[in-house]
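The values are calculated or read from the model by the stated rules, or taken from the named source; none is laboratory data. Owing to the predicted nature of the structure, the values given are computational and were not obtained by experimental measurement. All Cβ positions, even for glycine, are placed from backbone atoms using ideal geometry, and neighbour counts span all protein chains on display. All accessible areas refer to the heavy atoms of the entire protein, side chains included, with ligands and DNA or RNA removed. Shrake-Rupley method; radii C 1.70, N 1.55, O 1.52, S 1.80 Å.
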Amino acid sequence: MKQTTFTLHTTQPPNLLPQTLVHCWGGGGRTGLVQAAWLAHAEGMSAADAAAAVVAHAKKLGVPRRVDVSAVEEFLASAAK
C-alpha cells in the first residue's frame, strides 16, 4: 500500500461532539478510505458496510465519494499487525 499524507483537523464546538475533517487533494478515493476504515474500526462495521455508509453520507451532502472496499480491508489488516 502506498504511503499517503492526509490532513486531519479535529475541533470540538461548544455543546457538540468532537468533529474531524478528513481531506485529501487528488480525488483518488483516499478520503473515503480513511473515513471507511475509521468507521469499520470504531463502530465494528465490515469494510463493505463502512464503505457504503461513507458513500451514502457523501451523496446526501452532494459530495462525490468513492471507496475501494478491498483497500479498506487491506488497511484494516495492516493496522491490526
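Counting only residues that are among the aliphatic types (A, V, I, L, M) and in contact (Cβ under 8 Å) with a residue 24 or more places away in the chain, which one in region 33-47 is nearest to ALA71 (Cα to Cα)? It would help to see each step written out before you state the result.
Start the filter on region 33-47 by keeping residues that are among the aliphatic types (A, V, I, L, M), which leaves 33-34, 36-37, 39-40, 42, 45, 47.
With in contact (Cβ under 8 Å) with a residue 24 or more places away in the chain added as a condition, the list becomes 33-34, 36-37, 40, 47.
Numbers: LEU33: 7, VAL34: 10, ALA36: 10, ALA37: 9, ALA40: 12, ALA47: 9 Å.
Looking at residues that are among the aliphatic types (A, V, I, L, M) and in contact (Cβ under 8 Å) with a residue 24 or more places away in the chain, I get LEU33.
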Within region 10-52, residues being at pLDDT 85 or above and touching a helix residue (DSSP H, G or I) at 6+ places or on another chain (Cβ under 6 Å) number 12
Search region 59-73 for residues that are touching a residue at least 40 places away in the same chain (Cβ under 8 Å) and pair each with any residue that is aliphatic (A, V, I, L, M) and open to solvent by less than 60 Å² (accessible area, probe 1.4 Å) when their beta-carbon atoms are under 8 Å apart and the residues are at least 6 apart or on different chains. ALA71/LEU33
